[in-house]
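Here, each number is a calculation from the coordinates, and none is a lab measurement. Predicted, not measured: the structure shown is a model, and the values here were computed from it. Virtual Cβ from ideal backbone geometry, glycine too; neighbours counted across all protein chains shown.
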Amino acid sequence: MNVRITGTGSALPEKILTNADIERLVDTSDEWITTRTGIKERRIAAAGEYTSTFAAEAARRALTMAGTHPEELDFIIIGTVTPDFPFPSTACLVQDLLGATNATAFDLSAACSGFLYGLSIAEKYLRAGAAQKILVIGAEVLSRIVDWQDRNTCVLFGDGAGAIVLEASESGHSLLTTHTFSNGSFWNLLYQPACGNRNTADDSRTIDERLFYLKMEGNEVFKHAVRGMEEAAIKALDANGLAPEDISLMIPHQANRRIIDATAKRLGLGPERLFTNLHRYGNTSSASIPIALDEANRQGVLRSDSTLLLVAFGGGLTYASALVKW
Ligand code: UT7
């Protein structure tokens with residue numbers, strides 16, 4: 001069964017927060033943020049904008065490109081760590097916003113690898129003949145779980161959503177393989193301590209220690225990220241009998257320019273074979289790859305017959321890869 005990408009879409013907040021704006025919030029500098037991360041600005045959701053609203057907008061754009069009506073969708077899968085609510089799923093809210101009345105909708109939690117995990121699940125449903133059309137979305141409003149007093153993390157993240165329509169079809173861009181990995185031994189390197197049932201709102205520690213906000217051991221995550229992305233990329237290449245020189249373009253998770261460059265160097269990929277937009281959006285977690293894929297698609301960067309490597313890394317720890325013949 002051929003599994004194909006027939007539409008891409010993305011949606012971003014209007015509001016831009018520059019490095020100069022962050023200099024006014026915490027003890028940092030444009031120079032530090034630029035040289036250590038490559039990020040220049042990020043988008044921030046306004047009042048009344050939520051993960052679900054960005055997800056639905058990205059989805060509408062992907063559905064329009066695919067020529068697919070929402071009622072044709074069998075599944076809506078959203079990778080997110082910033083759902084509108086712990087429950088119901090943001091995917092159910094998006095189902096309602098789109099009028100996708102025939103879909104089964106659910107969220108999955110794999111942090112920055114969430115979109116590729118969703119792609120992998122969707123691929124299995126389609127190859128098994130259990131679905132014909134699936135919407136896979138990565139969507140986040142990280143600005144509401146970022147601690148704006150913590151310079152170690154607040155400079156990194158942004159909001160937005162990206163979506164694709166995946167179909168069992170003879171036309172479109174072929175999804176060749178997906179691979180997913182987890183290493184739960186390092187779960188505490190990147191996490192949100194409160195919002196689950198360990199650190200509850202009625203415990204004063206939760207507020208005093210600012211446990212509702214994301215915590216990260218950036219340095220440690222960095223090392224695992226480079227190793228994990230390389231491993232996931234090599235798995236994808238091996239499974240398809242390909243070598244790094246066969247890759248036309250790598251679209252990596254947009255966390256840090258130095259992580260992307262180090263991964264590319266290990267794989268022997270030059271800068272001309274990397275797609276990056278993190279200078280404009282920062283790290284949008286699960287949304288980063290589908291936003292970048294949509295931008296590359298709409299900018300005409302993706303040539304017919306090119307081989308795309310998508311590779312992600314995130315909290316969990318999780319990592320994942322996908323190969324696409326465009
Ligand atoms: O999405 C997937 C998960 N996330 C990631 O992949 C992020 C992975 N990690 C990173 O991207 C990097 O580790 C960071 C960008 C978070 C940090 O860069 P680093 O080069 O690893 O810096 P560091 O944490 O080792 O900190 C170096 C110094 C420290 O000062 P001292 O202790 O050397 O005096 C920090 O306090 O930089 C300081 N620092 C800052 N200085 C100015 C940390 N954040 C800032 C800041 N502005 N915003």
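Stretched out straight at 0.36 nm per residue, the stretch from Ala243 to Ala46 would grow longer than its current Cα-Cα span by 66.5 nm. Each label point was placed 7 Å from the Cα along the Cα-to-Cβ direction; for Glu209 and Lys124 their separation is 3.5 nm. A straight chain from Arg258 to Glu71 at 0.36 nm per residue would run longer than the Cα-Cα distance by 63.1 nm.
When a footprinting reagent is the concern and you count Cβ atoms within 10 Å, what order do Met250, Met216, Met229 take, fewest first?
Met216, Met250, Met229
For Lys265, the lysines whose Cα falls under 25 Å of its own Cα, not counting residues fewer than eight places away in the same chain, are Lys40, Lys223, Lys235, Lys325.
Using only alpha carbons, the chain has a radius of gyration to Kirkwood radius ratio (Rg to Rh) of 0.95.
Once you reduce the range 297-313 and the range 35-77 to the center of their Cα atoms, the two points are 18 Å from each other. Computed from the C-beta positions of Ser29 and Asn199, the FRET efficiency with R₀ = 41 Å rounds to 0.80.
A crude spin-label estimate for the pair Arg298 and Lys265, with each label 7 Å from Cα along the Cβ direction, gives 3.4 nm.
If you build a Gaussian network model of the chain, linking Cα atoms that sit under 10 Å apart, which residue out of Val226, Val94, Val26 swings the most? It is Val26.
Here each label is just a point 7 Å from Cα along the line to Cβ, and for Trp148 and Asn183 those points are 3.5 nm apart.
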